[in-house]
1. Return yes when B:Ala362 is within 26 Å of B:Lys275 (Cα to Cα), in contact with an Asp or Glu (Cβ under 6 Å, 6 or more places away or on another chain) and at the interface with chain A (Cβ under 10 Å from one of its Cβ atoms) and no when it is not.
2. Can you name the residue in the stretch B:294-303 that is crowded, with 24+ Cβ neighbours inside 10 Å and closer than 21 Å to B:Asn196 by Cβ and, of all such residues, is farthest from the other protein chains (Cβ to nearest Cβ)?
3. Looking at the stretch A:215-230, which of its residues are facing chain C (nearest Cβ under 8 Å) and either in contact with an Asp or Glu (Cβ under 8 Å, 6 or more places away or on another chain) or polar (S, T, N, Q) (or both)?
4. Just name the residue that is nearest to the other protein chains (Cβ to nearest Cβ) out of those in the stretch A:252-307 that are within 20 Å of A:Leu7 (Cβ to Cβ) and among the β-branched types (Val, Ile, Thr).
5. Quickly run through the stretch B:15-33 and pick out the residues that are within 17 Å of B:Asp147 (Cα to Cα) and within 14 Å of chain A (Cβ to nearest Cβ).
6. Only one of these is more than 14 Å from chain A (Cβ to nearest Cβ) and in contact (Cβ under 8 Å) with a residue 12 or more places away in the chain: B:Cys103, B:Cys36, B:Cys99, B:Cys93. Name it.
7. I need the full set of residues from the stretch B:217-233 which are under 21 Å from A:Ile318 (Cα atoms) and surrounded by 15 or more Cβ atoms within 10 Å (Cβ to Cβ), in order please.
8. For the stretch B:265-317, enumerate the residues that are more than 30 Å from B:Lys384 (Cα to Cα), in contact with a strand residue (DSSP E or B) (Cβ under 7 Å, 6 or more places away or on another chain) and not charged (D, E, K, R).
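The values are calculated or read from the model by the stated rules, or taken from the named source; none is laboratory data. Small disclaimer: the values here were computed from a predicted structure and weren't measured. So basically every Cβ, Gly included, is an ideal-geometry build from the backbone, and we count neighbours across all protein chains shown.
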Amino acid sequence: MAAFYSLILVLLLSIAGYFGGSAAGTFFGIIIPYAAIAVFLVGLVYRILLWANTPVPFRITATCGQQKSLPWIQSNRLDNPASGTATVIRMALEVLLFRSLFRNTKAEIKDGPRLVFSERKFLWLAALAFHWTFLFILFRHLRFFLEPVPGCVLIAQELDGFFQIGTPILYMTDLIILAALAFLLIRRLADVQIRYISLFADYFALFLLLGLALSGVVLRYFIKTDISGIKELAMGLVTFSPAVPAGIHPIFFIHIFLLSILVAYFPFSKLMHMGGVFLSPTRNLANNNRTKRHINPWNHPVKVHTYEEWEEEFRDKIKAAGLPLEKV
Amino acid sequence: MSEETLSPEQLVQIDYTPSKKNWLDPTVEFRKGTYCYSGVAKHVKYLDLPNPREWQPTDSDWKLPPDWKQIILDGMKERLEKYRSFRLFMDICVRCGACADKCHFYVGSGDPKNMPVMRAELLRSVYRRYFTAAGKLGKLAGARDLDEGVLKEWFYYFYQCTECRRCSVFCPYGIDTAEITMIGRELLNLVGCNINWVIEPVSNCFRTGNHLGIQPHGFKDSMEFAAEDLEEITGIKIEPPINKKGAEILFIIPSADYFASPHYYTLLGYMLLFKEIGLDYTFSAFAGEGGNFGLFTSHEMIKRLNAKIYEEAKRLGVKWILGGECGHMWRVMHQYMDTMNGPADFLEEPVSPLTGTRFENALSTKMVHICEFTADLIKNNKLKIDASRNNHRKVTFHDSCNPARALGLFEEPRYILRKACNYFYEMPENTIREQTFCCGAGAGLGTDENLEMRMRGGFPRANAVKYVHDKYGVNLLSCICAIDKATLPTLMDYWVPGVEVGGVHELLANALVIEGERERTTDLRGDEMEQSGAETTDA
Amino acid sequence: MRDRSLIYLGLLVFLAVVTFPFTYNLAAGSGSMPDLEYPENETQCVESKEFMRSSHMQLLIDWREAMVRENVRTYTTGDDRNFNISLTNTCLAQCHTSKADFCDQCHSYAGVQEPYCWDCHIDPEQLERSAR
C-alpha cells in the first residue's frame, strides 16, 4: 500500500509538472526551483547545526578489528582506528565505498539445523552504483549551469559516452542509475522482510529518483528537447536573471519539478543520511578511550554510595572478618 | 521453557514470514519463556527510581503514573538534546535492511520486530509523531501516538535486545541498536518499567558492592574458600589480599567469579597466576564488582555504580587497576569510566611490575585488561607453561560482544589460549571476532523465566559451537565474560550437549607450572588430566 | 564540542560546492545564449527552426543512413522542397559556411560533446585557412 500511494503521489507530481509547466512556466521553471533551493539550503544547515550542537557524551566507537594494545600485536588500523588519521581513513572508506555495507551476509537455517552464511553483495553494489552515478550525473549536469563549460565537465561526459552508442550518445550512467534504482525498488517489494520494514517515505524517495532519471532519459534520448533553451533557463536561474524561453518541452518541467521536490524534501527526510554518515559516533571516533579521556560536556553529578557510607553500614561485619577499617 | 518444553528440533522451526498486519499497530504478547519479570519494588525504591510498585508485564494495568506519557516525551526530548547518537540514529536510518538477519534474536525467533531496524522503529515512530513535522501525517509518515500498547511493545523488545552491537557492524551508518535500547530502557525506567534481573543486582551492587549482595565478611569467606581449594589442588598456600592499602594494583573482577560456577575456576586461575608471579595486588570488598548492570538501566546508573572503582583505587592508594574477565564490565571501563568518573590523575601510568611493559593503551584510564597483562607476561617468558595439561580440552573461543565490539580485544586471549592449550579451534569466521554472536542472554536477560528467548537468541552462537564440536570434537567453550559463563552452560546443554564452558585464565592456570606445586593430576575443576606425554615447555 | 568546528568547516565546504554555479557564473561574467549568424540567402532551413534546434542530429544521422546505406541522394521536405543529402555540399556550402560561427556556438554553450560529424567531414572554413 505504501508503495502504491507513493507511486501515485510521484505520478501526480509528474502530471502537475507536465501541465503546470506549459500553463505556468514561470511558476514551475523559476519560482518553485528557487523555493526548493532555499528550503534545501536552510533546512540542511538547520539540521546539521542541530546535530552539531547536540553533544557526544561518550566515545562509543564500534570496533571491527584488533585494538592497538601491546606493540607486538598487529592492530587493525582501518577497522579499529586509534588515531585521528586512521579514523579519517575509516570514514573515507565508509563514505566513499560503503565498507560496512560490504560486510553484508545472509543468514539462513538449513537442515541440521545449520546456520549458514552466504555473501550478499548486491545491496552494496546497487547502493554504490546508484550513489556514484547520481553524483556523476549531477556533475555532468553542470554543463547547464556553468558558462563557459569547464573542461572537466566535458571530459566527464565524454567518458560517460565512451562507447558512442546512438544519437545523442548514450550515457552509461543513465543505464546504471536506472538499473540500480530498479534493483533497490524491486528488492523492497520482493523481499518480504524488507517490504515489512519499508515505509511510504522509502518508496517515495525511490519513485522520485526514478521519475527524475526517467524524465531525464526521455528528454535526452526520445524527445530531444532543445537544450540551448534549457541552458538558457538554467543560466537564468544561477545568474539571478531568470527567464523561461519559449519552446521548452513540458517533459522538462516534470524533470525540474521532481528535482525541486526532491531537493526541498531532502532536509526533512532520511536522505539526510548524506550528512549524517559523517557524524555517526560509532564510526567517526577513534578507539583511544583508555589513552585519551573523552569529555562529556554535561557530566551531571549523581548519587553514589561512598566508601564511608559502606563502612558505616557494615562496620561490625568488616571488623569481625578482620578486614581493615578507615575509622576504627 | 514454557509449560511444554520445546525441543531443539521444534524450536528451530522458525517462520520468517512477517505478519500481514501493519507494524504500527502495537501487538505484544507476554508469552511465558519470552519475557523477564518486573523489578521488585523494594529494589526500585532503594535506588530512588520512579514508581516502585507490585506489577508484572502480564498485568493489563501496569500502574503507570497518571502523567506517564508526558514523562516519556519529556525524557525523549531531554535525551535528544543530550545524545547526538540518539538524535542522529532517529533521523538517518534508510531502512535498507542490512541489519535484519544480523540479530541473534531475529535469527532465533523470526519475530520481525526483532530486526534491529524495527527495534529502533518502535522508538522512531514515536519520535516522528512528536518531534518531526512530517509526523503529524500519522501512519503514512511512519508515525504513531504513544499509548500503553506502544509502551508495552517497548518493554518487550527493549528487554529482548542484548545490546551486543553486532548489527551496528553491518549498518552503513553505524547505527547502534545498543544505544537505542539503552535510551529505550532509560525511558521505560522513568515510569518504573524495569526487570528484576537487572534492578536487583543494581540495588545489591549499590549497597554492598556486588550483584548478589554479599557482605564484607561473606566476601572474605569466598576468597578464603577459593584459596583453600587451590591449596588442595596445587599444594600452594595463598592468602588473598582484600582491601589492602598500598598494594600496587587494585584487581577488579565480576562478582560472579566468586559466587558462581564455572566462573569460580577463573578466579582460581587469577589467584594462582598472581601467586606465581608474586604480584602485589588487592581485591576490594567495597569495589567488589566489575560488572555494572547500570549499563542495562541508564547512563546515570552506570555512573552511580562505577564511581566506586576510582574511589576505591584512590582510597587504597594503588598505582593502577587491573580488570578480570568480564564483557560488559569492560565496555564500561573502556568507554564510560574515564569520561564519567575520571580523570584518574591520582593513579600512575600502568606498568607491568614483571616485564616493565608500559600499557600505553591505558595511559589515561589506568586500567588494564587481564588478557593484555597475561599475554605480555607470556610474551616475555615470565611464565612456565605446560600446555599438555589441557590436552583433555578441545578448546574454542567465544568472543564476547563487548570486548569484541567495544575494545577489539581479539588477539590477546587467543595468544594466551594458543600457548596454554594444544588443541584450539576457531569457530566459523562469520561468528567470531567483530562478527561474534551474543550468548543470547546478555544485558540482564539471563534469567530463567526468559529461557525460551535465551535459547532462541543463543542459537547462532550454539550452532557455531556445534560446528566445531562435530568437526574437531571441541568440548570446552572458553570466553572472557561472566555473563557468558553464567548463560552459555545452559545454552550448550540445550543445543550442544557435551561442551563445557570455561575462562581463559582457568585454562592458563591449568597449564601453569608453579614453583613448589604438588604433581597435578586434576585440573582446577577436579577433572582428570591426561597423564601421557606431559612435557614442560617454556612459553 | 571539539568536533563542532570540523562540522562547520565541512558544512561550509558543502555549501560552497552546492552554490558553486552561482559564484562561478558571477565570477566568469557569463553571457547569455549566443546569437547565431543566419545565412542571408535562405530564410527557411530544411525543416522548421524548432525541429532543427532539437533534432538536427537525428536528421543528419538519417541523412547519413539514407545516403551511405540506401544510396538515396535526395531529401524531400514536408513542404515538397528537395535537397541534396550532403552535410558538406548542402548545409555547409550553401548556408552555414562557418562551423565555428554556427555549429560550435550552441554546442559549446550547452557543453555538447563534439559530434563525430567532423571525424569524416571537413570544416570548409578550416580547409580554406590551412590552404592559405
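1. So B:Ala362 fails the test.
2. Here the residue is B:Phe296.
3. A:Thr225, A:Asp226, A:Ser228
4. A:Ile261
5. Those that are within 17 Å of B:Asp147 (Cα to Cα) and within 14 Å of chain A (Cβ to nearest Cβ): B:Asn22, B:Trp23, B:Leu24, B:Asp25, B:Thr27.
6. On the way: B:Cys103 fails: more than 14 Å from chain A (Cβ to nearest Cβ); B:Cys99 fails: more than 14 Å from chain A (Cβ to nearest Cβ); B:Cys93 fails: more than 14 Å from chain A (Cβ to nearest Cβ).
Result of the check over B:Cys103, B:Cys36, B:Cys99, B:Cys93: B:Cys36.
7. B:His217, B:Gly218, B:Phe219, B:Lys220, B:Ser222, B:Met223, B:Glu224, B:Ala226, B:Ala227
8. Matches in the stretch B:265-317: B:Ala285, B:Ala287, B:Ile309, B:Ala313, B:Leu316.
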